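Each remark here refers to the structure printed beneath this line.
What follows draws every value from the coordinates through simple rules; no lab data is involved. Remember, predicted model here, so these are calculated numbers, not experimental data. Please note: Cβ atoms are built from the backbone with ideal geometry, for glycine as well, and neighbour counts cover all protein chains shown.
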Amino acid sequence: MKCPVKDLNDKVVGEIELSSDVFGLPARKDILSRVVNWQLAKKRSGNHQTKGISQVSGSTRKPFRQKGTGRARQGSIRQPQQRGGGIVFGPQTRSHAFSLTKKVRKLGLKTALSGKQASGKLIIVESLKEAKSKAKDLSDKLSKMGVLSSVLIIDGEKVDENLSRATSNLTHVDVLPQQGANVYSILRRENLILTKDAVHHLEARLK
């Protein structure tokens, strides 16, 4: 399939042939859901921690004698039923990550890219090196292209320094190198801008 290539002034400067194996797949919400859940699980720090009875500070002495007080027997002030005592079956530090096959991860990324192409939210640009390091200048150019609301920009091997500076103050714009392209970042932004270099790298990586 052919797609027009634009510059940052929203002028068509050519066209590019997109692989139907990467940008022409049918929608698969089940695959996207699996990949997004996998990504979010990996992002969780898992550092929640409660103290059990052996970790709570306090005396090991019996609080009071067993019989004759009229009170329920107690063996420790660190027991769960005591104020400030240990927690039973509380959360412990662990990893929430789980495995997902490479085949499914690749299919998820191709499905996300295909979805943007099918919905008309994918824009291919010749290069981003002409971007200035001013947020206002880039914001005006994105407004001309009609993608100011929410946009993810994926550059080539390395993000252009001027582009990185220009987007640092734009909360609605994310920038990634092509190696960092992922399903969650693509789906959370309404529009997607790819450079020609990024397209070639993604097709070589996903075919």
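Structure values in brief
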| item | result |
| --- | --- |
| Peptide ranges 9-21, 128-140 listed from the most packed, as the mean C-beta count within 10 angstrom indicates | 128-140, 9-21 |
| 24 Å Cα-Cα threshold exceeded, pairs from Lys43/Lys110; Lys6/Lys134; Lys29/Lys144; Lys2/Lys110; Lys2/Lys158; Lys136/Lys158 | Lys29/Lys144; Lys2/Lys158 |
| Simple spin-label estimate for Lys43 and Ile87 in nanometres, 7 Å along Cα-Cβ | 2.4 nm |
| Lys/Arg +1, Asp/Glu -1 at C-beta; the stretch 50-90 dipole; positive extreme among Gly52, Gln82, Ala72 | Ala72 |
| At least 20 Å along the helix axis (C-alpha) and Kyte average at least -1.0, DSSP helices within the chain | 29-43, 102-118 |
| Magnitude of the charge dipole, the chain, Cβ model with Lys/Arg +1 and Asp/Glu -1, debye to 20 | 2260 debye |
